[in-house]
Each structure stands twice: as C-alpha cells, then as structure tokens.
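The values are calculated or read from the model by the stated rules, or taken from the named source; none is laboratory data. All figures in this text were calculated on a predicted structure; none of them were measured in a lab. With ideal geometry, Cβ positions are generated from the backbone for all residues, glycine too; neighbour counts draw on all protein chains shown.
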Amino acid sequence: MDLVRNTSSELSSALSETAFRKRRRDRRFSALTASLMHVAVKLWPKPDWALHDLTGVSDRGARYWVKNSSPMHAEALAALLKSDDGHLFLDAVMDGASPPWWVAYKQSIPPPADGIDDAA
C-alpha cells in the first residue's frame, strides 16, 4: 500500500512540476505574442482576418492570438516578418534588446512614417 501512495505522490509531484514549467513557458510566449498582436491591431482594422490571410492559421487560431490566449508558432512569425510590414514585427520581437547588430540596423534605417512605433 505504501508503494502505491509513494508512486501516486511522485506522479502528482511530477505532474505539478510539468504544469508549472508549461505555465512559465506560456507566459514567456504570451509576452511575445502580445507585442506582435499590438502591432497587428495598430496596422489592420480586422487583425484576425489579416493574420489568417498572411499566416494560413485558422480563423479561430488568429482570434486566439489577438486575444493573447495562444502562443504564436515560428512559421507564423516568419510569415509576418516576410510581409510588407515585417520591419514593424521585427521591432516588436526585438523590443528592449540591444545587441550591436540590432543597434546598427536601427540606426541604418529611417524611422517608419506610419506612427506605429510612436503609439507602442
């Protein structure tokens, strides 16, 4: 009987550790998704439709991104970076970062004329 209790408590402990790690990972991605969705909402009147068209994600998936209830996957991020407004999404990804290559890149391009960076 003790073996069953020990195994059960070990399993419970392992599951709670896994759940904790998943929540921590999801919070990290949700900050990135939130930054990207901030740009999308500023750019497009119907951001979920635009995200669906650009990334190929389902309508529901795009709505989840806009509500920040689901992390964005790498393929979708790549599609946004390859779009006409990719520089704005790259800026959202690199927010707060200051590696030398990023600083040099930012200094080499003119500021965007659309005012999205000013509102961020």
Margin query: For the stretch 59-71, give me the residue count where each residue is touching a Phe, Trp or Tyr at 6+ places or on another chain (Cβ under 9 Å), modelled with pLDDT of 90 or more and under 18 Å from F89 (Cα atoms).
Written below: 1
Next item on the list: May I ask you to verify whether R21 is over 12 Å from the mean Cα position of the chain (by Cα) and either of a type in the set (S, T, Y) or at pLDDT below 60 (or both)?
Entry: yes
Margin query: Can you tell me which residue is surrounded by the most Cβ atoms within 10 Å (Cβ to Cβ) among those in the stretch 47-74 that are touching an Asp or Glu at 6+ places or on another chain (Cβ under 6 Å) and aliphatic (A, V, I, L, M)?
Written below: A62
Check: Within the stretch 45-91, can you find the residues that are among the aromatic types (F, W, Y) and touching a Leu at 6+ places or on another chain (Cβ under 8 Å)?
Finding: W65, F89
Next item on the list: Mind checking which helices (runs of 4 or more DSSP H) fall wholly inside the stretch 24-105 and carry at least 1 residues that are in contact (Cβ under 8 Å) with a residue 60 or more places away in the chain?
Entry: 86-93
